[in-house]
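Novice: Next up is a structure, given as structure tokens.
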């Protein structure tokens, strides 16, 4: 017995001393002919045999681009990939594939997990990138800001002699014949008087007084008269909490930050393929399943199924932002907190595409209850497709009556939440973007619907879907919003109906020929919120520096680019290209659609998508300070330099230097004070 104990102890020691597998990801040199780079995943000290799998999350890796190796790479679902060994020739497993080189190092695969003998083992990863030089930020000339310089800039300031001590915020006087919504006037002449057009203006005046005291460093503020108002009715910020969850405390923190910049719309992206984040009482599976990520269950035949939760997401399944949801109580608190600061919350539930999480969740609901009257999928549907983000089975079936039963419940629940909170519901955003090619093509229900109506084009299914959504929204008195695809290529009769119930449409894809879409939509009478990927997508990296965190598919966005954004002169909005070179903007509008319905450009909105976020520090880093330019342009839509024909026009440079100096001198210390992570120069 003693010898057996010694043997077992020695065996245990050997096992504990055995090297733990780890991953080395290596970036290769770009082939000048193919423009591709060989990338290598090496599993060091791989388990013996081939009865294991290596999982990771990544941007697209095309199976046809995998070089000969001892393993296969397969896209499981969305960003989740798995490597399956086929044979072994050494203790390390090496897999090579060739793809377009990453512009940003943050795009490299991550979340590596080894599945071996029923165990799930997160692995350490070492990255070996090619050498890259740091890219300097744009240059600017610092100008010492005045006490009244802030973001967004005040429209009219008339300085006076002396100072006024502002200890408490004075009771505002409401002016019945105020010139504009949101207008306010602050008079400091030994006393402090605040005149406002409405409750919104009272909030903006308070923020301005807080900033004056902050900038002055005391309660004694130089005397002046301020008149100020917002130019655009919709000044928004969208946060994607489907792909990277932010909890109640973090959302409240963001609301404080948005209020500081006089925003009035917080657009929360609650659902996408990667998760459903708002509790719905009738459908607990939406959050018990659809807001959770776990390693898939391995079946006896070696296949994997998402049995108890969605599978891996960006970064794996154990980062701090992949799991979690907002409860009813949390949502009501968020609504009230925002409304106290005159910010309206627009909830988004993306459909009919980007719906993998809700589809799978409702299948689980049907399994538990036996109730199929809310299913979003048709078992007989054999349509084959992958979305842009590599998801299958992510478009809800628009021909099923159960789909609209589900949407009715969601609308009623959200309406009830807002009513209980006692705050307005501006609209329910239904997404409407990026329906994958191939969706519905082999759905018996969809084919039957088309045959009954004599339709030969699948696009009519989108028009049918919109009509059915309006059948739900209109009797409830609820407006809808959507991304540009929602109202693109739909039946003209349906489009006219949509206009009557449409709060706004977010124009995002504006590259190339689509650059004219915002003005085309506005001229057609659609209420446009400019959400241009080339100027307002905060998840794009600040610069082309490869070590800078962020994405690059629509270019790079820094403070100079956001400040340069021109709602009424879009074609001249980008004055410097992605490499920092000046663009010739003089003839940029030639031959392009002219804006004839300026009144239909109702707002500007910043977007932060969550694919590359891994924590709340990333959220604030991506947002600040680059978002300051968007906030500036939402409030002051037509700067004095609008219409200048050279990128470095002296008037532009003068005003940009003054504005950016204000950001550095006044906003950077504010970020430090409130304790958020931000990008420093």
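Novice: On C-alpha positions alone, give me the angle between the axis of helix 492-501 and the longest principal axis of the chain, in degrees, nearest 10.
Specialist: Rounded to the nearest ten degrees, it is 60.
Novice: At 20 °C and a viscosity of 1.002 mPa s, what translational diffusion coefficient does Stokes-Einstein give for the chain, taking Rh as the Kirkwood radius over Cα pairs? Give it in µm²/s as a whole number.
Specialist: On the way: Rh = 27.3 Å.
So the translational diffusion coefficient is about 78 µm²/s.
Novice: What is the Cα centroid distance between segment 591-628 and segment 352-384, reported in whole angstrom?
Specialist: 33 Å
Novice: Right, here's the next one. If you wrap a convex hull around the alpha carbons of segment 16-88, what volume per residue comes out, as a whole number of Å³? Kindly include the intermediate steps, with their values, before the conclusion.
Specialist: On the way: hull volume 8.0 nm³, N = 73.
Hull volume normalised by residue count: 109 Å³.
Novice: Helix 2-17 against the longest principal axis of the chain: what's the angle in degrees, Cα atoms only, rounded to the nearest 10?
Specialist: Approximately 40 degrees, to the nearest ten.
Novice: Label segment 593-681 by shape, choosing from rounded, prolate and oblate, from the square roots a ≥ b ≥ c of the eigenvalues of the Cα gyration tensor; if a/c is under 1.5 it is rounded, and otherwise prolate applies when a/b is larger than b/c, oblate when it is not. Let's see the in-between values first.
Specialist: On the way: a/c = 2.49, a/b = 1.42, b/c = 1.75.
The shape class here is oblate.
Novice: Between 0 and 90 degrees, rounded to the nearest ten: what's the tilt of helix 328-340 against the longest Cα principal axis of the chain?
Specialist: Roughly 20 degrees, rounded to the nearest 10.
Novice: Considering only segment 260-413, what is the antiparallel percent among its DSSP beta bridges, to the nearest 5?
Specialist: Values: 5 of 13 bridges.
Within segment 260-413, antiparallel bridges account for around 40 percent of the total.
Novice: Could you give the distance between the Cα centres of segment 517-584 and segment 109-187, to the whole Å?
Specialist: One Cα centre to the other: 17 Å.
Novice: May I ask for log10 I(q)/I(0) of segment 156-228 at q = 0.24, 0.25 Å⁻¹, from a Debye sum over the Cα atoms as equal point scatterers with solvent left out?
Specialist: Computed log10 I(q)/I(0) values: -1.07, -1.14.
Novice: Taking every DSSP beta bridge that has both residues in the chain, what percent is antiparallel when rounded to the nearest 5?
Specialist: Values: 57 of 98 bridges.
Of the beta bridges lying entirely in the chain, close to 60 percent run antiparallel.
Novice: Restricting to segment 156-228, compute how many DSSP beta bridges are antiparallel as a %, nearest 5. Provide the component values of the computation, followed by the final result.
Specialist: Numbers: 17 of 19 bridges.
Roughly 90 percent of the DSSP beta bridges within segment 156-228 come out antiparallel.
Novice: Now, a different point. Would you compute, from DSSP H runs of 4+ residues alone, the mean residue ellipticity of the chain at 222 nm, taking -39500 (n - 2.57) per run and dividing by the full residue count, rounded to the nearest 500?
Specialist: Values: 17 runs with 187 residues, N = 681.
Here the helix-only value at 222 nm equals -8500 deg cm²/dmol.
Novice: So, in Å, what gap is there between the alpha-carbon centers of segment 285-309 and segment 234-249?
Specialist: 25 Å
Novice: Percent of Cα-Cα pairs more than 21 Å apart in segment 419-540, please. Numbers along the way, then the final one.
Specialist: On the way: 3429 of 7381 pairs.
Tail fraction, whole percent: 46.
FYI, it's all coordinate maths here, none of it is from the lab. None of the values given here were measured: they were computed from a predicted structure.
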